[in-house]
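So the structure is just underneath, and the comments pick up after that.
Read-outs throughout are calculated quantities, based only on the coordinates presented, and are distinct from any laboratory measurement. Because the structure is a prediction, the values reported are computed rather than measured. We place every Cβ from the backbone using ideal geometry, glycine too, and count neighbours over all the protein chains shown.
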Amino acid sequence: MDHSTATVTHGRSVWDGGASPMGASYGKLMMWFFLMSDAFTFSGLLITYGLVRSSNPAYVGTPSDFFFSTEHWPIPEKVFDAIPFFHGVEAPLVFVGFMTFVLIMSSVTMVLAVEAGHRMDRAAVEKWMLWTIIGGLTFLGCQAWEWTHFIVGTDTPTLMKVFDTKLGGWKEMEVLGANLHVNQYGPPAFADFFFFITGFHGFHVFSGVLLNFLIYYNAVTGLYDRRGHYEMVEKVGLYWHFVDLVWVFVFTFFYLV
Amino acid sequence: MAHKEPEIVVLPPDTEKIKKLWRVAGILLLVTIVEFIIAFTLPHGAAKTFLFVLLTIVKAGYIVGEFMHLRYEVKVLFWSVLIPMIFVVWMLVAFVYEGTKIVTY
């Protein structure tokens, strides 16, 4: 299957950089290298999460008897069980499932934009890029709601043992919502990892939407038609799929396991 | 250089390829639905975690292989991307195991 839309080899000898050793153009290869390094960063975050989680005691008992405590790591489906506009309705993992759906669909529209780019079909590239941007923005909006709910908390506060630095000892107190110091769902590290991992991923989605918009703008103004190829769509597409890929892992390790 | 507009030939959509992409999307959604069913039917434990990891790798394979097109790239590129990931898996297993040996109070 011939894939490379652009070849940088025109009029260059092998010794002048005319050869692409991995059968991919310079830009695509560099995008792959960047994604590798980015994968290591996310792996670092998720592995640290695994380390801290396995060092904390797991909840023993049936999920229906589950209660929030710093003594055990929370079951994710008991933390993420809210959906917008339905206050008090328990819908475990439904909202995050919707977010997964949105991101996968935006990945599909992205790959369709890449396919349209191979055919030099500007109108189709514009259409699919726009859908991808809409998908990205929808995901960001959902995440904003998710974070807000996580920070504000549930209806009833949790009585928790919290280390007071002024007192220099432990004290019982009612905790509502979450911050980096204390949270009502479980050990402080639980909320810290939530903020850092989903936050870092959300930042990637945000920059992905910006890049997608740039590509959309360039396609609309006809830059890629003048250039003779739509390889930029492909490169940014790689990044966007990677963002989707990371979410697949975050979804499993943070929300399901 | 930019004196004359280059001739742009728009090719018709490759329906075969597009159909395949939608099929991959269907598989991804199906696997996610299966994950959901597992999440609420099986008891928490090692078997469940193993299943989740397995399904995640299936999803990752489709995304990287089909969407990111890695399956069709040159073999050198394919393995340059995949081989380093072995170390990530090793690191994950090692650290999760080490974590169980840390006593927290």
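Per-residue shielding of A:45-52, expressed as the average number of other chain Cβ atoms within 10 Å of the residue Cβ, stands at 5.
Sorted ascending by nearby beta carbons within 10 Å, beginning with the fewest, B:20, A:235 become B:20, A:235. Close Lys pairs in the stretch A:27-256, defined as Cα atoms under 21 Å apart and 8 or more places apart or on different chains, number 4. The trypsin sites (Lys or Arg not before Pro) found in the stretch A:101-208 that occupy coil by DSSP, while having at most 15 further C-beta atoms within 10 Å, are A:166.
Label zone (residue A:91, point 7 Å along Cα-to-C-beta; backbone nitrogen cut-off 13 Å) within the stretch A:213-257: none.
Restricting to DSSP H runs of at least four residues, report the calculated mean residue ellipticity at 222 nm for chain B, -39500 (n - 2.57) per run over all residues, nearest 500 deg cm²/dmol.
On the way: 3 runs with 71 residues, N = 105.
After summing the helix terms and dividing by residue count, I get -24000 deg cm²/dmol.
Each Lys or Arg adds one and each Asp or Glu takes one away; over the other residues whose Cβ falls under 11 Å from the Cβ of residue A:104, this sums to 0.
Taking other C-beta atoms within 10 Å as the exposure proxy, B:97, A:185 rank B:97, A:185 from fewest upward. With the helix formula -39500 (n - 2.57) applied to DSSP H stretches of n ≥ 4, chain A reaches a computed 222 nm mean residue ellipticity of -19000 deg cm²/dmol.
The alpha carbon centroids of the stretch B:77-105 and the stretch A:66-132 are separated by 27 Å. Of A:230, A:224, A:217, the sequence from fewest to most neighbouring Cβ atoms within 10 angstrom is A:217, A:224, A:230.
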